[in-house]
1. Just checking, which of R52, R46 is out of contact with any helix residue (DSSP H, G or I) (no Cβ under 6 Å at 6 or more places or on another chain) and modelled with pLDDT of 80 or more?
2. Only one of these conditions is not met by T341: (1) within 23 Å of R219 (Cβ to Cβ); (2) at pLDDT 95 or above. Which number is it?
3. Taking interchain pairs and intrachain pairs at least six residues apart, which have beta carbon atoms under 6 angstrom, with the first residue in the range 238-258 and at pLDDT 95 or above and the second β-branched (V, I, T)?
4. May I ask you to verify whether P232 is farther than 26 Å from L186 by Cβ and touching a helix residue (DSSP H, G or I) at 6+ places or on another chain (Cβ under 7 Å)?
5. Please go through the range 1-25 and give me each residue that is under 23 Å from M123 (Cβ atoms) and modelled with pLDDT of 50 or more, ordered by number.
6. Which pairs turn up if I take residues in the range 269-285 that are under 9 Å from L307 (Cα atoms) and look for partners that are assigned to a loop (DSSP other than H, G, I, E, B) and modelled with pLDDT under 95 with beta carbon separation below 9 Å, at least 6 apart in sequence or on another chain?
7. Which number in (1) touching a strand residue (DSSP E or B) at 6+ places or on another chain (Cβ under 8 Å); (2) assigned to a helix (DSSP H, G or I); (3) not aromatic (F, W, Y) marks the one condition that R289 misses?
Amino acid sequence: MVASERVKAGQVRSGPRPLDPSRDLGQVADLIEAAFGDDMDEEGRRVLQEMRAMSSIGLVLGALIYVSGELRESFGGYVWEEDGRVVGNVTLNPVTSSGERWQISNVAVDAPYRRRGIARRLMALALTDARRQWGMWALLQVRHDNEAALALYRSLGFEALGGETFMAWQGALPFPLAWQESGPTLPSDLVLRPIRPEEWPAELDLARAAMPPLMQWERPLRPHQFQRSPLPAWWTALARWFSGQETHVLGVFRGKALLARLHLRVDRRAGRAALEVLVAPEARGQLERPLLREGVALLPRAGHLRLEAQFPMEQAAVREALEDLGFQHLRTLVHMRLDLTRRPPVWEGR
C-alpha cells in the first residue's frame with residue numbers, strides 16, 4: 001500500500017501518509033477532541049493542551065525529533081489527508097523497549113469522512129509498520145459500546161482480553177450514604193478490616209483470581225504492586241496532615257483467605273479520590289455493598305469531592321452497588337490484542 005496518493009488538479013495530497021509532528025499535531029489534537037472529547041478525562045485534556053502547545057513550535061519540534069530516536073517513537077503513526085486537511089489519524093507507539101508490543105491509539109476519522117474505509121487503511125499501515133519493526137503483538141483499547149470500532153478490530157484479527165469500567169460521583173460531603181445506619185451485612189464467618197502491610201501475598205492472590213488471565217498477560221501482577229512499608233501511626237497522621245493525602249486498604253477475610261479488597265486514595269486539597277475494588281469470583285454479589293459502605297465512610301466529612309471508581313468490567317455487582325450510591329458510568333474499555341506473527345497477516349488484502 002502506498003503512503004500517499006495525488007489527485008490530478010493542483011497536486012493536492014489525498015490519502016494516508018506518516019504523521020509529521022512538526023505540522024500535524026494541532027489538527028490531530030482537534031480531531032481527537034472531536035472524536036473523544038465527551039469521554040475525555042483530565043489527563044486526556046492535558047495531553048491535548050500539550051499537543052497544541054508543541055504544534056506552535058513545529059520547526060523546533062521537528063529538529064528535536066530528527067536527533068532523538070526516543071522522541072521520534074513518541075510521535076509514531078499515520079494520518080489521512082484530504083485537500084490539505086487531516087481527517088483521519090492512528091497513533092502507533094512501542095510499549096516495550098524490545099519492540100515486542102505496540103500500542104494502537106487515537107483511531108479517529110472526521111465525521112463527514114467515515115464509512116469510507118479510512119480507519120481500516122490507517123490501521124493496516126500501522127500494523128504493517130509494527131510488524132516490520134519486529135513487533136509480535138499490537139494492543140488497543142476501545143469503548144464497549146462502540147460497535148463500529150469493535151467490528152473493525154475483530155475483522156482485523158484482534159481478540160478481547162477483558163476490560164475495565166470507570167464510574168464517578170461528585171458532590172458535597174459528607175457522602176450521602178443511605179446504607180450508613182443500616183444495610184447489607186456480612187455473614188458471621190467473614191471479617192471486614194484494614195489489610196495489614198504484611199498481608200500483601202493475600203492481596204496478590206486475590207488479584208490473580210479476580211482478574212481475567214488475558215488481562216494479566218497484558219498487565220502482569222507483581223508483588224511490588226501490593227507491598228507497603230509498615231509505618232507508625234504517628235508518622236501516617238503527620239504525613240496526612242502535611243500532604244492532605246491518605247490511603248486506605250480494606251479487605252473482607254474468611255480466616256486468612258482474602259475474598260474482597262477496596263483501595264481508596266484521597267487527596268483532600270485537590271478534592272479528588274480514587275477507588276478500586278476487587279472481589280473473588282466465588283464471592284461476587286455478596287460483599288460489594290458492605291465493603292463499599294465501609295470505604296466511603298472513610299471519606300472526609302466536609303468539602304466537595306470527585307470520587308472515581310475503577311474495577312474489572314466482569315464485576316457487574318460492583319457496578320450495581322455503585323449505581324445505587326449515585327455513581328455515574330463514565331466508560332467501559334475493552335482491551336484487545338492482535339498477534340502480528342500470524343501468516344498471512346489478517347489485515348492484508350481487506
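The values are calculated or read from the model by the stated rules, or taken from the named source; none is laboratory data. Bear in mind the structure is a predicted one, so any value in this text is a computation, not a measurement. Neighbour counts are summed over all protein chains in view; Cβ atoms, including those assigned to glycine, are modelled from backbone coordinates with ideal geometry.
1. R46
2. For T341, the exception is condition (2).
3. Sorted first by the residue in the range 238-258, then by its partner, the pairs are V249/I195; G251/I195; F253/V191.
4. No.
5. R13, S14, G15, P16, R17, P18, L19, D20, P21, R23, D24, L25
6. G271/G303; A273/L299; A273/P300
7. All conditions pass for R289, except number (1).
For (1) among the β-branched types (V, I, T); (2) outside the structural domain of A172 (by TED's automatic domain parsing); (3) touching a Cys at 6+ places or on another chain (Cβ under 8 Å); (4) surrounded by 20 or more Cβ atoms within 10 Å (Cβ to Cβ), each residue gets a yes or a no:
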| site | (1), (2), (3), (4) |
| --- | --- |
| L221 | no, no, no, no |
| W235 | no, no, no, no |
| R240 | no, no, no, no |
| L259 | no, no, no, yes |
| H263 | no, no, no, no |
| V277 | yes, no, no, yes |
| L305 | no, no, no, yes |
